[in-house]
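Since the structure comes first, as structure tokens, the remarks are kept for the end.
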Amino acid sequence: MDSPLLHLFASIDGWQICTILIKVMTYATCLTVSGGVFFLMIFAAYLDAAEVKTMKRFTSVMALIAAALSIARIFMMSGMLSDDLRGMWDVQFLKMVLGSKEGLALSLRLPSLFLLAIWTYAGERKIHPAVPLLSAILISVSFSTVGHVHELDGATRLVAQLLVTLHLLAVSFWVGALWPLFHITYDHHTFKVAAITHQFGKLAVIIVGTLLLAGISLLCLLQGFSAKAWQAEYGQLILLKLISVSVLLGLAARNKFQLTPQLRRGERSAITQLRRSIVMEIIVAGIILLITASFTTITGPTTLA
């Protein structure tokens with residue numbers, strides 16, 4: 001079978017594999033942190049003190065892991081640039097990476113992650129609510145400072161950066177809420193779980209709309225509508241991502257239209273089904289992040305070639 005994707009993945013080297021893996025973990029932890037902040041700010045009133053404390057501690061740990069991964073990514077890029085393990089520690093290559101847009105992304109992301117790690121341990125009166133909110137937003141902004149969007153020109157590039165930020169904010173709200181939602185499925189108060197999932201479902205309509213609108217608009221700017229572009233490696237990876245997103249949307253729709261009404265009727269069996277559905281969402285989200293990390297690392301839109 002002659003497939004562009006088979007040729008692409010057969011040709012990648014160890015540096016690219018390591019870069020993709022670190023990028024996936026960085027995406028996952030950063031989205032979890034940002035989404036965790038959004039979840040706590042929106043749903044704290046539904047949670048007891050112990051649940052809030054647990055979720056804050058989890059967010060803190062994820063923030064520190066995300067910071068470590070972001071730093072490790074810089075060393076990995078330095079090694080890939082030099083194509084030598086010793087290059088990971090070479091000052092000149094590190095300066096080159098830090099002097100690029102990756103350095104700008106790190107300068108936005110690291111302070112935000114450390115502030116959120118502190119916020120999760122500080123009392124409510126010690127840090128203004130705007131600080132964690134702004135930090136969570138800046139984490140998404142940091143990803144818009146790198147990538148294929150910077151191969152666009154002028155105002156188009158600025159529009160694309162805004163679309164990336166909106167897309168990632170929507171993704172972080174959704175992906176970042178998965179662990180908190182999974183955690184509350186162990187709560188014995190069915191109606192409390194129903195209240196949270198019902199409210200989340202109402203917000204998710206707006207969030208998913210934003211996610212799709214920003215994602216499709218960005219795709220139009222980067223990929224266009226050429227049949228040839230969709231047959232290339234980048235286009236095929238995008239199609240795989242779209243299929244995976246469709247599966248994720250299907251799972252979310254089941255949660256909203258089938259399981260949440262069952263929970264609101266007090267059917268405890270729906271909690272187990274919801275927990276399993278969330279696990280499936282986490283797995284599919286991981287696949288989507290892997291695909292995203294792949295096409296942002298080893299290929300690019302043919303329209304920008």
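The values are calculated or read from the model by the stated rules, or taken from the named source; none is laboratory data. No experiment lies behind these values; they were computed from the predicted model shown. FYI the Cβ positions are ideal-geometry reconstructions off the backbone, even for glycines, and counts take in every protein chain you see. Side chains are part of the model used for accessible areas, which takes the heavy atoms of the whole protein and leaves out ligands, DNA and RNA. Shrake-Rupley method; radii C 1.70, N 1.55, O 1.52, S 1.80 Å.
None of Ser78, Ser107 is surrounded by 15 or more Cβ atoms within 10 Å (Cβ to Cβ) and among the small types (Gly, Ala, Ser) except Ser78. Cβ-Cβ contacts under 7 Å between residues 6 or more apart (or on different chains), taken from a first residue in segment 143-167 that is surrounded by fewer than 19 Cβ atoms within 10 Å (Cβ to Cβ) to a second residue that is outside any helix (DSSP H, G or I), are listed as Gly147/Thr296. From the list Thr54, Thr32, the lone residue that is part of a helix (DSSP H, G or I), in contact with a Gly (Cβ under 7 Å, 6 or more places away or on another chain) and closer than 25 Å to Gly201 by Cα is Thr32. The single condition from (1) touching a Leu at 6+ places or on another chain (Cβ under 7 Å); (2) open to solvent by less than 40 Å² (accessible area, probe 1.4 Å); (3) at pLDDT below 90; (4) of a type outside the set (D, E, K, R) that Ser135 fails is (3). The listed residues are Val141, Val146, Val131, and the only one of them that is in a helix (DSSP H, G or I) and over 19 Å from Arg57 (Cα atoms) turns out to be Val141.
Within segment 90-105, residues that are part of a helix (DSSP H, G or I) sit with their Cβ atoms under 6 Å from residues that are modelled with pLDDT of 90 or more and surrounded by 14 or more Cβ atoms within 10 Å (Cβ to Cβ), at 6+ positions apart or across chains, in these pairs: Phe93/Ser78; Leu94/Ser78; Val97/Ile74; Val97/Met77; Val97/Ser78; Ala105/Ser142.
Take the conditions (1) of a type outside the set (Phe, Trp, Tyr); (2) closer than 26 Å to Cys18 by Cα; (3) open to solvent by 50 Å² or more (accessible area, probe 1.4 Å); Ile288 misses just one of them, which is (3). If we scan segment 42-59, do we find a residue that is closer than 30 Å to Ile184 by Cβ, under 16 Å from the mean Cα position of the chain (by Cα), open to solvent by less than 20 Å² (accessible area, probe 1.4 Å) and modelled with pLDDT under 95? So far as segment 42-59 goes, yes, one or more of its residues are closer than 30 Å to Ile184 by Cβ, under 16 Å from the mean Cα position of the chain (by Cα), open to solvent by less than 20 Å² (accessible area, probe 1.4 Å) and modelled with pLDDT under 95. If you check Thr19 against the conditions, is it within 30 Å of Ala130 (Cβ to Cβ) and within 23 Å of the chain's Cα centre (by Cα)? Against the criterion (within 30 Å of Ala130 (Cβ to Cβ) and within 23 Å of the chain's Cα centre (by Cα)), Thr19 does not qualify. Limited to segment 241-294, what total is found for residues that are touching a Pro at 6+ places or on another chain (Cβ under 9 Å) and at positive phi? Selection size over segment 241-294: 0.
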